[in-house]
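Scroll down for the structure; my scribbles are underneath it.
Every number in this text was worked out from the coordinates using simple rules, so none of it is lab data. What you are looking at is a predicted structure, and each value in this text was computed from that prediction instead of being measured. Note: ideal-geometry Cβ built from the backbone for every residue, glycine included; neighbour counts use all protein chains shown.
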C-alpha cells in the first residue's frame, strides 16, 4: 500500500450552512470508510462542531479575526500545515476559501492536489467581493488539480467563467440524509392550515433574501389564491427581507393567506404536511430544499434557475420547471400540481439518488482517480 498524507477538507467555520453541512457529512463518511481525514477550520466555531466524528482529525487553525481579510488571515498557519502534514488532497469549500487555499499551496510549495469545491453558480456576482473572488479564482485556477461542482450547471459555469477545461471539472452532488429526514418527517407540523382539510398549502422554505425572489413567490400566491381560494402559503425562514415581504403581502391583498413562520427546528414536518413546495430562486448551486421535500413525498415546483433544479428534477420529470421571475408561469405550475400531484413514492425514490451512501461512493471514486489510494 502506498504511503500518503491525509485527505483534508478546508472550510471557514462549522456554523450552520449548506457547504458546512456537506463538508462534515463527507468528511465523516470517508473517515468511516477508512480514509485518513483532516478537517481544517480557520474559525473553529458553530453548531456542526459537535457533529464531527471522532475518526476525523480537527485542525483548528486559530485564525485571528482581521477586518476585511477574513479567512485570508489563515494563510500563514495553512502554509505551515501544508508543509508539515503533507496532505495528499485538499478539498477547499467555496470559491473564496479556494483562493486562500491555492495561495497557501503556492507559498508552501506543496504537492498536494487542491480541489476547489463550488457550491453555487459561478458568474452570478451580486457584490463587489464576489466579483473580486471570481477574478482571483480565474487567476489561481491553474494551480487546482481538479474542480468539483455540486451540479452539472455549476460545473458548466466553472468552465465558462474561470476558463477551466471541462475534463478538469467533476460533478459530485451534495449528500442528503434521506433516511434521517424521513424519520423526522413522520408527523405533519401542528399548523392550523396544515391540520385543516379545508386548505391547500403552498410551502416556501429558505432565507428571506434577494436570491430567493420571494416577491415572485408572493405574486404567484396572489394569482393562485384568486383561482383556488382555499390556497394558503407558509414561508419558513428568516432574513433581511422579511419586513418588506410582509408589507408586500399586505399591499397585494394576501396577508391573510400567507404565514411568515420564521425559523423552525424541523422544517420536514412542514414538508410532510404541505401540498406543494415552491422554490422561486434566481440562482442556486444544488438546492437542498427540493431534495428534502421530495424525500418527504412533497411535490415540488421550481424555477429553472442556474443551477441545480434541472438536475434534481431531471429536466422536469419530477416536477415543473418555470422561468425565473415569471409569476404567472409559477402560478400555472402550482395549479396543475395541486390538481394532479405526482406519486409521493416516486419522489422519495428520486431523493434517494442523493443519499449519503450514493454520494460517498462517488467521492471515493473521485479520490481514487485523482488522488491517493488507501
For q = 0.16, 0.20, 0.21 Å⁻¹, Debye-computed log10 I/I(0) when each Cα of the range 273-374 counts as one equal scatterer: -0.68, -0.94, -1.02
Global form of the range 256-319, assessed from the alpha-carbon gyration tensor, a/c cut-off 1.5: prolate
Principal-axis tilt of helix 214-227 within the chain, Cα atoms, nearest 10 degrees: 20
Largest-first principal axis extents, alpha carbons of the range 173-317, Å: 40, 33, 28
The range 274-357, relative contact order in percent, only Cα pairs under 8 angstrom and at least six apart counted: 34
Relative exposure of 65, 129, 212, judged by other C-beta atoms within 10 Å (fewest first): 65, 129, 212
The range 306-364 - Kirkwood radius from inverse mean 1/r over Cα pairs (Å): 13.1
Calculated on alpha-carbon atoms, Rg and Dmax of the chain in Å: 21.4, 68
Computed over the range 133-176, Cα set: Rg, Dmax in Å: 10.3, 33
Rounded to 10°, Cα long-axis angle of helix 18-32 versus longest principal axis of the chain: 60
Relative contact order of the range 252-312, pairs being alpha-carbon contacts under 8 Å that are 6 or more residues apart, as %: 34
Three-way shape label, the range 1-116, alpha-carbon gyration tensor, a/c 1.5: oblate
Helix 356-370 axis, angle to the chain major axis (alpha carbon atoms, nearest 10°): 30
